[in-house]
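Peer 1: Provided herewith is a single structure, encoded as structure tokens, for subsequent inquiry.
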Amino acid sequence: MPEPALFECLPQLKGRVPFTLLGQWPTALEPLKLKGFEGRDLFVKREDLSSPIYGGNKIRTLETLLAQALERGAKTVWSTGAYGSNHALAAALHAPRLGLAPAALLFPQPPTLTAADNLARLVSLGVRLRALRSIALFPLRLAVLYTSKLHFVMLPGGAVAVGALGHVGAALELAQQVRAATAPWPRHLIVPAGSICTVAGLLAGIAAARAMDLWAGPAPCVHAIRVTPWPVTAKARMTALARRTASLIARLGAAAGNLADICSRLEVHGRYLGRGYGKPSERGQAVINELGGTLPFPLESTYSAKATAGLLDLLPRLDGAAVFWSTKSSAPLPPLDPSRLELAPVHVQRWLARAGLRAK
Ligand SMILES: Cc1ncc(COP(=O)(O)O)c(C=O)c1O
């Protein structure tokens, strides 16, 4: 098994940051064929293929966070986020591999079938669930969770510096792949931004890759496509988390590089969000209708369709090679036991029914 790029490129971090291998690395970097953009140097980073158990961008974050939970002697790991959280489902499927019990504190989101598919799996897997009736209750319930030492709590999306280190590894991996394939250096990365963990880690990772001359091309522009609203996806939050991540790298003795240069090229695009997090947008739906089933990666309304809408819109004005970050797991979901849905609280059953899933 090759060393993950994070430790191969930044050996100073090895043994000094928590890490446990969960995914299959590197994820492929493939040419992406899009009608109307033939002849463009366009690629897709297949983060959706990061694990056959459950993949997507969250696996990189969990590799450090679940290891940190083990280091701290936690027995239970709490994911936090929306009802259809991919992070919560990924943790539910990967944490037991490490002997950790998964639990989730979740707040409501618009009922879509993809979100319901995830929540139903959490119920069906018997994950300890606190499904709030309102997001207004979230801060207090989160604060209560922090009071127990046996609980390890992950913020939504795992958006802390240790979590973002996983995506530092992804940027280093990308640089290694471009080098090995003698492909053109990407001038643009198009990435969905929800909790901002992925974007922040990529910013810090590109800066580190440039510091060691691994990234030999010019500084690229990261395009963050908002899938959650401001202020969650405020540019200042992205750069602040990138800075904390770069400081962690520097504290551990590795070169963190010129982060300010990379952050100055960060562009945040809000117009693909539509009416809010989890609400299907018109542009996203059009992308699903037009391209659904023709792309190598999954399209769903909350993340990938909105990000792809951004990609299609931006491409005509971007010069040079571009890489699209495919973040939604393409692994088949575990089988669902519909009879177990009856065990869910009534308000959860109602929400699932509104999304199109009924208990049997
Ligand atoms: C499928 C998918 N894509 C993209 C994102 C956004 O990534 P991040 O939370 O790191 O900004 C998330 C998480 O919210 C996700 O689940």
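Peer 1: Please enumerate the residues belonging to segment 193-214 that are in a loop (DSSP other than H, G, I, E, B) and either in contact with a Pro (Cβ under 9 Å, 6 or more places away or on another chain) or under 25 Å from Y272 (Cα atoms) (or both).
Peer 2: Of everything in segment 193-214, those that are in a loop (DSSP other than H, G, I, E, B) and either in contact with a Pro (Cβ under 9 Å, 6 or more places away or on another chain) or under 25 Å from Y272 (Cα atoms) (or both) turn out to be G194, S195, I196.
Peer 1: Being surrounded by fewer than 18 Cβ atoms within 10 Å (Cβ to Cβ) and touching a His at 6+ places or on another chain (Cβ under 8 Å) is true for just one of R141, R133. Which residue is that?
Peer 2: On inspection, the qualifying residue turns out to be R133.
Peer 1: Just for segment 315-330: of the residues that are within 16 Å of the ligand (Cβ to nearest atom) and crowded, with 21+ Cβ neighbours inside 10 Å, which one is farthest from E267 (Cα to Cα)?
Peer 2: S329
Peer 1: Residues that are within 30 Å of G276 (Cα to Cα) and of a type in the set (S, T, Y): list the strands (runs of 3 or more DSSP E) wholly contained in segment 1-109 that include at least 1 such residues.
Peer 2: In segment 1-109, 76-82 are the strands (runs of 3 or more DSSP E) which contain 1 or more residues that are within 30 Å of G276 (Cα to Cα) and of a type in the set (S, T, Y).
Peer 1: Can you pull out the residues in segment 1-41 that are closer than 22 Å to R179 by Cα and modelled with pLDDT under 95?
Peer 2: Scanning segment 1-41 gives M1, P2, E3, G39.
Peer 1: Oh, and also: Looking at segment 331-356, which of its residues are within 16 Å of the ligand (Cβ to nearest atom) and either of a type in the set (D, E) or buried (at least 17 other Cβ atoms within 10 Å of the Cβ) (or both)?
Peer 2: A331
Peer 1: Quick check on L312: is it assigned by TED's automatic domain parsing to the domain that holds F107 and either of a type in the set (G, A, S) or more than 15 Å from the ligand (Cβ to nearest atom) (or both)? Full working, then the answer.
Peer 2: Working: assigned by TED's automatic domain parsing to the domain that holds F107: no; either of a type in the set (G, A, S) or more than 15 Å from the ligand (Cβ to nearest atom) (or both): yes.
The answer is no for L312.
Listed here are the residues, each with its yes/no results for (1) among the aromatic types (F, W, Y); (2) surrounded by 15 or more Cβ atoms within 10 Å (Cβ to Cβ); (3) in contact (Cβ under 8 Å) with a residue 24 or more places away in the chain.
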site: G194; (1), (2), (3): no, yes, yes
site: A204; (1), (2), (3): no, yes, yes
site: R210; (1), (2), (3): no, yes, yes
site: A216; (1), (2), (3): no, no, yes
site: H223; (1), (2), (3): no, yes, yes
site: V227; (1), (2), (3): no, yes, yes
site: R275; (1), (2), (3): no, no, no
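Peer 1: Still on this model: Just to check your reading of the model, which residue among V323, V346, V287 is β-branched (V, I, T), out of contact with any helix residue (DSSP H, G or I) (no Cβ under 6 Å at 6 or more places or on another chain) and within 18 Å of H223 (Cβ to Cβ)? If you could, list the steps in order and put the result at the bottom.
Peer 2: Details: V346 fails: within 18 Å of H223 (Cβ to Cβ); V287 fails: out of contact with any helix residue (DSSP H, G or I) (no Cβ under 6 Å at 6 or more places or on another chain).
It is V323.
Peer 1: In addition: Out of all the residues in segment 111-132, is one or more among the β-branched types (V, I, T) and in contact with an Asp or Glu (Cβ under 7 Å, 6 or more places away or on another chain)?
Peer 2: Yes, segment 111-132 has at least one match.
Peer 1: Separate question: Considering (1) out of contact with any Ser or Thr (no Cβ under 8 Å at 6 or more places or on another chain); (2) within 26 Å of W185 (Cα to Cα), say which one S50 fails and leave the rest.
Peer 2: Result: S50 fails condition (1) only.
Peer 1: For segment 20-47, how many residues are more than 27 Å from H188 (Cα to Cα) and crowded, with 23+ Cβ neighbours inside 10 Å?
Peer 2: 1
Peer 1: Looking only at segment 169-187, filter to residues that are assigned to a helix (DSSP H, G or I) and in contact with a Cys (Cβ under 9 Å, 6 or more places away or on another chain); which one of those is farthest from F43 (Cα to Cα)?
Peer 2: Among those residues, the one meeting the criterion is G169.
Peer 1: Further question on the same structure: Under 6 Å by Cβ, and 6 or more places apart or on different chains, what pairs join a residue from segment 146-172 that is surrounded by fewer than 24 Cβ atoms within 10 Å (Cβ to Cβ) with one that is assigned to a helix (DSSP H, G or I) and hydroxyl-bearing (S, T, Y)?
Peer 2: A161/T245; V162/T64
The values are calculated or read from the model by the stated rules, or taken from the named source; none is laboratory data. All of these numbers come straight from a predicted model, not from anything done at the bench. Here Cβ is always computed from backbone atoms with ideal geometry, including for glycine, and neighbour counts include all displayed protein chains.
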